[in-house]
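No lab work stands behind these numbers, since they all come straight from the coordinates. In this text, all values refer to a predicted model and were calculated from it rather than measured experimentally. Cβ sites come from the backbone with ideal geometry, for glycine too, and all protein chains shown count toward neighbours.
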Amino acid sequence: MPITKSAKKALRQNKRRRVQNLRQLNILKETIKKIKKLVEENKKEEALKLLPETYKVIDKSTKAGIIKKNTANRKKSRLTKLINKPKAPSQTTPKQP
């Protein structure tokens, strides 16, 4: 436990900041999950509409220092690739030689 007055204040600040950071991180994770779920359900148009909102959340998280710049860029790149990936052929029809 902190003893000095300044250490007690620092602890209070850290608790508040931790709550804010976790809230922002959860929002980030939820929006990414929404896009992945939409792509999985083949609703790519809806996923494309949600993409700018997700970029905004990622950028805000980066600015707040919750995630690093390269991590943010990687997440945005992978989400864009996921949405723009062509539909895979179905596995039910076997190939004829």
Going by the conditions given, is Thr71 surrounded by 12 or more Cβ atoms within 10 Å (Cβ to Cβ) and more than 26 Å from Lys87 (Cα to Cα)? yes
Residue that is without any contact (Cβ under 8 Å) to a residue 12 or more places away in the chain and either on the phi > 0 side of the Ramachandran plot or touching a Ser or Thr at 6+ places or on another chain (Cβ under 9 Å) (or both), where the choices are Thr31, Thr62, Thr4: Thr62
From Asn42, Asn14, Asn21, residue being out of contact with any helix residue (DSSP H, G or I) (no Cβ under 6 Å at 6 or more places or on another chain) and at positive phi: Asn42
